[in-house]
Amino acid sequence: MSELQTIRFAIDGMRCAGCVSKVEAALAGVEGVAQSSVNLVDRTASVRFHANSDANVDAEHIADAVIVAVQNAGYDASPMQGAENVDKQRRDEHQQMLGLLWRSLAAAAVGLPLFFNLFSHKLPSTDAAPALWLIIGLITLGAMIYAGSHFYIGAWRAFTHHAATMDTLIATGTGTAWLYSMAIIIWPNIVPETVASMGRHAYFDAALVIIALINFGHALEVRARGKTSDAIRRLIGLQADTARLVRDGIEVDVPFAEVAPGDVIRVRPGEKIPVDGDVVEGSSNVDESMLTGEPMPVQKGSGDHVVGGTINGSGSFLYIARHVGADTVLARIIDMVKNAQASKPRIGRIVDKVAGVFVPSVLIMAVLAALIWLNFGPEPRISFALLAAMTVLIIACPCALGLATPISLIVGVGKAAEFGILIRKGEALERASKLTTIVLDKTGTVTEGKPAVTDVISCDSSTDASVMMRLAASLEAGSEHPLAAAIIAKSEAEQITLSACEAFQAVSGHGVSGAVDGHRLLLGNAALMEAESVLVDATMAAQISALAAQAKTPVLLASDGELLGVIAVADPIKAGSKAAIAQMQAAGLTVVMLTGDHRKTAEAVAAQVGISQIFAEVMPEHKDGKVAELQATGEIIGMVGDGINDAPALSRADVGFAIGAGTDVAIESADITLMRSSLDGVITAIEISRATLRNIKQNLFGAFIYNSLGIPVAAGLLYPVMGLMLSPVLAGALMAMSSVTVVTNANRLRLFKPGGA
């Protein structure tokens, strides 16, 4: 089976969760589509498919089929190319908001004077001046067409496709109000003479003010919704505009989109690095904090890899472009974030299913409310029936319901990206909030993942640490053993000048020997010293045992048969690991260490970081089995590993965290990628997950309570008890404000700070 490919589409015409259900149903029916997800907030759809040349299934074929399917469902679709232009997106949103505000203003300009006439009675009644009211009706119709045409067009398209949407409710409610009002003016006798003063009332004001309020609410929603995409815009904004290519000794600036693999690029002080590549000349410090969250600049020299979007320091260098366009780390990160924002957690899919039947149910409830009033209500029954039906239709629009989940998901995923946490899909964000156990790989996760010299202990004061390091590094200069690499790295860091080594010999399983500065040196374990009759006194033996108990490997150094001291090498624990593990435990999580290392080493590391439960000496291919064992006991597992060797375990876990992957986006096995090489990101990701799920539940609670209470009240439930009927105008205001409230609540996530969720 070929790898899944993804195409994103802009969907035009979606206004509510009912629309989402229809578009998703249409996408599911497209042959070749494996997965699809529709996002109401940014009006997009993400489609995944398996390319198959034998079956003539490719991106173009799928794109055409998707567009046809969406159009058949009553909407429009167009493919989105790469990282959309941020400025264009902002301009489009601004234009959309202005358009809605103008429509709202036009409807209000005609509707509000009519509304206030209810209290001032400046205009004569419909009985007294039918011609005047006919003119007002025609003016109202013009205003409704200008201000609400998008509702009526959307309702008609839904009707022709045998569907019902939010537009159906608004168009039906306001259209009924206008038609009833015109009927009252032309045929006033449809209302009995006895109740003429109450029943012969034109509802032009209600129709226009409802449209004005809903448009105004949508304008506020667009404005607030724009803030939710700030994180993705910041990521896109990291991309450089141009690159300075070096061709035949001449430097020329070109748009970064024109850079090709193999091009040589000059980066000057303070510039953004345009694409990924390898340094070939010069050096500098590079600020990678926008991608990894690490505050300290990273020294880059010949042979080092640089990433597009990072910022050069004070130096200048040349590098060869290796990955460009959609293959750069930044482009792939943007793509991951967008896909996660477009995905749906389980709770969102449930809401969409409910919303799919919600609008038809509301239409039935409106008809039932009208019938009850017509049969059992007081006079004027037809007027009460109209009010009840119209108010139910308006107040029940499921805008807030459809926005509740995706709006919070977009903000939550974007906020995570700001902290260097890349969430691949909404399900991972939801599951992370429910984790009970965190399983940590040891090497490269809890520890640095590479040996380093931790202690240099001499037998007497006549031999200092620098002398020991010079002798040991000189002896190990020709060795490729990991312990040798640690000793040499330490000497290079301390800028120690090495001496020549003669008669070098590796003693398998024990160490090395050779001559440096005329002295015969031995460097290795206690067995080598014993074989060469080098005396290790009780004091030094105790220190060696203490080092071994701390998960350090003691390397003994002897010169001319006399022990000089011990150099301890270990895989050091990452700064912050102990504190991060303590945070996890304080959050109620059980922390388990899983490693292929020896039990004593694992126990020593675990003791230093406060972990009590250990799985040691576990081969990589058996790690996923240990995760499965924990899952079988009812635990919800988060597995933290390097994203490569631990791929099976990461996939097996309920949530896989790839840590320390840095610029290597072979993170595909994990649900969540931590760009920083610190465990802090795990607890931050869990905190963001919990905050996002809490926010979604708040939104859903508000939306469901609004509709659960609003519909009965709109139908007239309070009239028999209190003599109150909810005004359609007030219903329109409440409906509009419910959506704004949901969006505003979701935007509170933008204030999230680690440790405060």
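Using only DSSP helix segments of four residues or longer, with each worth -39500 (n - 2.57), what per-residue ellipticity at 222 nm results for the chain after dividing by its residue count and rounding to 500?
When only DSSP H runs of four or more count, the value is -16500 deg cm²/dmol.
On the principal axes of its alpha carbon atoms, the chain extends 124, 64, 55 Å, with the longest extent given first.
Label sites at Phe704 and Ser651, each approximated as a point 7 angstrom past Cα along Cα to Cβ, lie 3.6 nm apart.
By how many nm would the segment from Ile145 to Asn72 grow when fully extended, if each residue of separation counts as 0.36 nm and the alpha-carbon distance is taken off? Before the final figure, lay out each step's value.
Working: separation 73, 0.36 × 73 = 26.28 nm, distance 2.51 nm.
So the extension gain works out to 23.8 nm.
Tally Lys/Arg at +1 and Asp/Glu at -1 over every other residue whose Cβ is under 15 Å from the Cβ of Met529; what's the total? Taking every Cβ under 15 Å from that of Met529, the sum is -4.
Extension gain, Ser612 to Asn117: 0.36 nm times the residue separation minus the Cα-Cα distance gives 170.6 nm. Rounded to the nearest 10 degrees, the inclination of helix 399-418 to the longest alpha-carbon principal axis of the chain is 20 degrees. Here the spin labels are modelled as points 7 Å beyond Cα on the Cα-Cβ line, and at Asp248 and Ala515 they lie 6.0 nm apart.
With 23 Å as the limit, write out which pairs from Lys552/Lys578; Lys434/Lys600; Lys697/Lys753 have Cα-Cα distances beyond it, or answer none.
Correct reply: Lys434/Lys600.
Relative contact order of the chain: what whole-number percent is it, with Cα pairs under 8 angstrom and at least 6 residues apart? Display every interim value, and only then the final one.
Values: 1494 pairs, mean separation 101.1, N = 757.
Normalised by residue count, the contact order of the chain is 13 percent.
Selection among Gly29, Val536, Pro728 by position relative to the dipole of the chain gives Pro728 as farthest towards the positive end (Cβ unit charges, Cα centre).
Our summary gives region 571-613 a relative contact order of 48 percent, counting only alpha carbon pairs under 8 angstrom and 6 or more residues apart. Between Thr436 and Asp537, the distance separating the two model label sites (each 7 Å from Cα on the Cα→Cβ line) works out to 5.7 nm. Per-residue surface analysis assigns Glu494 an accessible area of about 90 Å², computed on protein heavy atoms at 1.4 Å probe radius.
Dipole orientation for the chain: of the candidates Gly137, Ile250, Val337, Gly137 has the Cα lying most toward the positive pole (charges on Cβ; Lys, Arg +1; Asp, Glu -1).
Counting only alpha carbon atoms, the long axis of helix 599-609 and the longest principal axis of the chain meet at about 60°. With one equal scatterer per alpha carbon and no solvent term, the Debye-computed log10 I(q)/I(0) for region 540-591 at 0.18, 0.19 1/Å reads -0.70, -0.73. Among all the lysines, which ones have a C-alpha under 20 Å from Lys272's C-alpha, if same-chain residues fewer than 8 places away are not counted? The reachable lysines, counting only those whose Cα sits under 20 Å from Lys272, are Lys300. Given R0 = 56 Å, the distance between the Cβ atoms of Ser508 and Arg48 translates into a calculated FRET efficiency of 0.60.
Remark: the Asp464-Ile372 segment gains 23.3 nm on full extension, using 0.36 nm per residue and subtracting the alpha carbon distance. Within the straight-line cut-off of under 16 Å between alpha carbons, the lysines reachable from Lys338 are Lys227, Lys415, Lys425, sequence neighbours fewer than 8 places apart in one chain being disregarded. Computed about the Cα centre, the dipole magnitude for region 447-579 is approximately 500 debye when only Lys and Arg (+1) and Asp and Glu (-1) carry charge, each at its Cβ.
Could you give the dipole magnitude of the chain about its Cα centre, charging the beta-carbon of Lys and Arg +1 and that of Asp and Glu -1, in debye to the nearest 20?
Charge dipole, the chain, about its Cα centre: 3840 debye, nearest 20.
If you sort Asp58, Asp205, Asp327, Asp241 by accessible surface, 1.4 Å probe, largest first, the order is Asp241, Asp327, Asp58, Asp205. Taking a straight line from the alpha carbon of Lys623, these aspartates and glutamates sit under 19 Å away, with near neighbours fewer than eight places off in the same chain left out: Asp441, Asp597, Glu603, Glu635, Asp642, Asp646, Asp654, Glu668, Asp671. Here Arg750 and Gln299 are evaluated by their C-beta separation; at R0 = 35 Å the FRET efficiency comes out at 0.55.
What size of dipole, in debye to the nearest 20, comes out for region 94-209 about its Cα centre when the only charges are +1 on Lys and Arg C-beta atoms and -1 on Asp and Glu C-beta atoms? So the magnitude is around 180 debye.
Of all the stretches in the chain, which is the longest one without any exposed loop site, taking trypsin sites (Lys or Arg not before Pro) in a DSSP loop (any state but H, G, I, E, B) with at most 15 other Cβ atoms within 10 Å? Segment 435-757 is the longest. On a per residue basis, the chain carries 44 Å² of accessible surface, using protein heavy atoms and a 1.4 Å probe.
Of the residues Val713, Ala260, Leu556, the one whose Cα sits farthest towards the positive end of the charge dipole of the chain is Val713 (charges of +1 on Lys and Arg Cβ, -1 on Asp and Glu Cβ, taken about the Cα centre). The mean sequence distance of close C-alpha pairs (under 8 Å, at least 6 residues apart), as a share of the length of region 467-522, puts its relative contact order at 32 percent. Rounded to the nearest 10 degrees, the inclination of helix 465-476 to the longest alpha-carbon principal axis of the chain is 90 degrees.
The values are calculated or read from the model by the stated rules, or taken from the named source; none is laboratory data. Quantities reported herein were computed from a predicted structural model and do not represent experimental measurements. Glycine gets a Cβ as well: all are built from the backbone with ideal geometry, and neighbour counts include every protein chain shown. The accessibility values were calculated without ligands, DNA or RNA, using every heavy atom of the protein model including side chains. Shrake-Rupley method; radii C 1.70, N 1.55, O 1.52, S 1.80 Å.
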